[in-house]
């Protein structure tokens, strides 16, 4: 929401909806989805999620999920059948581990994946050192092969587009290697796509501004004390840095 999304709705298992309502920020909406009272998604959540998506501009799948069989099946069906630009992060991306060819079916309306090196390694059946040794080649080749935008996170996050273009980001600092930081990036990216930026452009801006917000936060909090919420707090200041005078 700090990156310009006009409305954000969080799809959650119905049995935890009341608990989330008590703790969420007031601007965030929730969409309770069927979970058979188990607190994790089941394939039956697809129909109401698809119906709700008709009023949406972008779909972000991943933060806070688990890799249960039911959730994995739901993620794959959402990615394949909901005709919106999509961002896959965390367990939304892990649902495709070992089966990256399935991403082609989700790419028709625009798709961005945001793996860290471990998630990229799981997608490809490689080791993390193998991914790190050829970051640019692996990201560019993967983006071209599956027709998607890849945001390979880490030191100098690399953005690769389906047409072979790439961008290496130089903002950010080691203090950002903290729980939730990647979720902030995914949210920023989805917000920019929701404002009609194409996937590659949105990914470049998100990587740059996410890192810049982290740098601004580190100056105030130190890299040691930095947490993901500090990055969110600095997003408006980061955006002001690139707005025309």
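The values are calculated or read from the model by the stated rules, or taken from the named source; none is laboratory data. Keep in mind it's a predicted model, so treat the numbers as computed, not measured. Methodologically, a virtual Cβ is constructed for each residue, glycine included, from the backbone with ideal geometry; neighbour enumeration extends over all protein chains shown.
Candidates in region 51-65 are the residues that are in a loop (DSSP other than H, G, I, E, B) and over 17 Å from the mean Cα position of the chain (by Cα); of these, the one that is farthest from residue 191 (Cα to Cα) is 54. Starting from residues that are loosely packed, with under 13 Cβ neighbours inside 10 Å and within 22 Å of residue 187 (Cβ to Cβ), keep the ones in region 22-50 and report whichever is farthest from the chain's Cα centre (by Cα). Across region 22-50, the extreme among qualifying residues is 22. For residue 183, the stated conditions do not hold, so it cannot be described as over 30 Å from residue 236 (Cα atoms) and at pLDDT 95 or above. Would a scan of region 90-108 turn up a residue that is in contact (Cβ under 8 Å) with a residue 60 or more places away in the chain and either in contact with a helix residue (DSSP H, G or I) (Cβ under 8 Å, 6 or more places away or on another chain) or on the phi < 0 side of the Ramachandran plot (or both)? Yes, there is a match, as at least one residue in region 90-108 is in contact (Cβ under 8 Å) with a residue 60 or more places away in the chain and either in contact with a helix residue (DSSP H, G or I) (Cβ under 8 Å, 6 or more places away or on another chain) or on the phi < 0 side of the Ramachandran plot (or both).
So which helices (runs of 4 or more DSSP H) stay within region 66-178 end to end and still have 2 or more residues that are within 30 Å of residue 221 (Cα to Cα), modelled with pLDDT of 95 or more and more than 15 Å from the chain's Cα centre (by Cα)? So the answer is none; nothing clears 2.
Considering the conditions (1) in contact with a helix residue (DSSP H, G or I) (Cβ under 9 Å, 6 or more places away or on another chain); (2) part of a helix (DSSP H, G or I), residue 204 is excluded by exactly one of them, (1). Reported count of residues in region 6-20, each being surrounded by 13 or more Cβ atoms within 10 Å (Cβ to Cβ) and in a helix (DSSP H, G or I), is 5. Within the set 229, 182, the sole residue that is within 15 Å of the chain's Cα centre (by Cα), surrounded by fewer than 24 Cβ atoms within 10 Å (Cβ to Cβ) and under 26 Å from residue 7 (Cα atoms) turns out to be 182. Of the set (1) surrounded by 18 or more Cβ atoms within 10 Å (Cβ to Cβ); (2) closer than 25 Å to residue 59 by Cα; (3) more than 15 Å from the chain's Cα centre (by Cα), all apply to residue 191 but (3).
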